[in-house]
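The values are calculated or read from the model by the stated rules, or taken from the named source; none is laboratory data. Because the structure is a prediction, the values reported are computed rather than measured. Here Cβ is always computed from backbone atoms with ideal geometry, including for glycine, and neighbour counts include all displayed protein chains. Heavy atoms of the whole protein, side chains included, go into the accessibility calculation; ligands, DNA and RNA do not. Shrake-Rupley method; radii C 1.70, N 1.55, O 1.52, S 1.80 Å.
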Amino acid sequence: MKDRVAQVEVIIFKLVGDEPLFLLFKRNPVKGGFWQGITGGIKPDEKIEDAMKREVFEETGLTQWIRQLDNIHYFEYDSGVPEYGIMKEYVFALEISLDQNIRISDEHTEMRWCDLEEALKLLKYDNNKDGFRKLYLLVKS
């Protein structure tokens, strides 16, 4: 039985003036060692938004934010795992306050606040980059 039915990605950001800064996490080397936002699986009995909140808490300790933006981006990709097949990924964004504390989980070795240009250079996957671009345009509009 599958332990996930889809994935969530959550982009954490804060506004400095009117410019968004994005929080990226570097995965442990055993999990690929690349930079990304928060990601995780949606369990079979879980609502998408509940999975998002669970993953945010597990990876950052956050339980509160200024605003939540749903449906930032959506994409499908080949998981490379036969039992999962094509995976759906739903992208959310959470704005947090400038002074909010982040607890880094053991899934990651580093975290970094980045402007869009730096985030796009660090992110590995084009689908993730598209989500960050869409969020940037939404916040700036």
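In order along segment 49-62, the phi-based Karplus estimate (6.51 cos²θ - 1.76 cosθ + 1.60, θ = phi - 60°) of 3J(HN,Hα) comes to 5, 5, 5, 4, 5, 4, 5, 4, 5, 4, 9, 9, x, 6 Hz; Gly and Pro are listed as x.
Counting only C-alpha contacts under 8 Å and six or more residues apart, can you give the relative contact order of the chain as a whole percent? Walk me through the numbers before you get to the answer.
Details: 271 pairs, mean separation 46.9, N = 141.
It rounds to 33 percent for the chain.
Could you calculate the contour length gain from ILE48 to LEU138, that is, 0.36 nm times the residue separation minus the distance between their Cα atoms, to one decimal place in nm?
Values: separation 90, 0.36 × 90 = 32.40 nm, distance 2.14 nm.
Value of the extension gain: 30.3 nm.
Counting only DSSP beta bridges with both residues in segment 1-133, what percent are antiparallel, rounded to the nearest 5? Around 75 percent antiparallel, to the nearest 5.
Computed across segment 82-141, the Kirkwood hydrodynamic radius from all distinct Cα-Cα pairs reaches 14.1 Å. Under 13 Å from a label point set 7 Å out along the Cα-to-Cβ vector of ASN28, the amide N atoms of segment 73-116 belong to 105-110. Annotation for ASN127 and GLU19: the two label points, set 7 Å from Cα along the Cα-Cβ direction, are 3.1 nm apart.
Average accessible surface for segment 34-141: 56 Å² per residue, computed with a 1.4 Å probe over protein heavy atoms with every protein chain in place.
The number of Lys pairs in the chain with C-alpha atoms less than 14 Å apart, excluding pairs fewer than 8 positions apart on the same chain, is 10. Surface composition of the chain: carbon and sulfur atoms hold 50% of the protein heavy-atom accessible area at a 1.4 Å probe.
Residue-wise HN-Hα couplings along segment 125-136, as the Karplus relation 6.51 cos²θ - 1.76 cosθ + 1.60 with θ = phi - 60° gives them from phi, are 9, 4, 4, 5, 4, 4, x, 5, 4, 4, 5, 4 Hz; Gly and Pro carry x.
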